Amino acid sequence: MDHYNMVLDFFKNAAEPVNAGKVAEGTGVDRKEVDKIMKKLKEESVIVSPKRCYWEFKK
């Protein structure tokens, strides 16, 4: 599975909003790579921010 899908699955399965550090920790993907993927997910409106620096899958 590629990193993009790993990060996307992590957001889909997260019980609460998470920050990039938690995503990197939970997926094993490098933090800089997670930041790039999250930027892309934000641009695609796949994830939204309910509070500063925390993101969740858009339902």
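A few comments on the model shown:
- Computed in the context of the full set of protein chains, the accessible area of segment 3-57 at 1.4 Å probe radius has 47% of its extent on carbon or sulfur.
- Summed over the residues of segment 3-57 and divided among them, the accessible surface reaches 65 Å² per residue at a probe radius of 1.4 Å.
- Applying 0.36 nm per residue to the separation of residue 32 and residue 12 and subtracting their alpha-carbon distance, the gain on full extension is 5.2 nm.
- Estimated from helical segments only, the mean residue ellipticity of the chain at 222 nm is -16500 deg cm²/dmol, where each DSSP H run of four or more residues counts as -39500 (n - 2.57).
- Segment 52-59 - phi-based ³J(HN,Hα) in whole Hz, Karplus 6.51/-1.76/1.60, Gly and Pro as x: 3, 6, 10, 10, 8, 5, 6, 8
- Point-to-point label distance, residue 58-residue 43, nm (Cα→Cβ direction, 7 Å offset): 1.4 nm
- Orientation-averaged projected area, Cα convex hull of the chain (nm²): 3.6 nm²
- Partners of residue 36 within straight-line reach, counting aspartates and glutamates whose Cα lies under 13 Å from its Cα and excluding those fewer than 8 residues away in the same chain: 44.
The values are calculated or read from the model by the stated rules, or taken from the named source; none is laboratory data. Remember, predicted model here, so these are calculated numbers, not experimental data. Reconstructed Cβ throughout: ideal geometry from the backbone, glycine too, with neighbour counts over all protein chains shown. The protein model used for the area step is the full one, side chains on, heavy atoms only, and it has no ligands, DNA or RNA in it. Shrake-Rupley method; radii C 1.70, N 1.55, O 1.52, S 1.80 Å.
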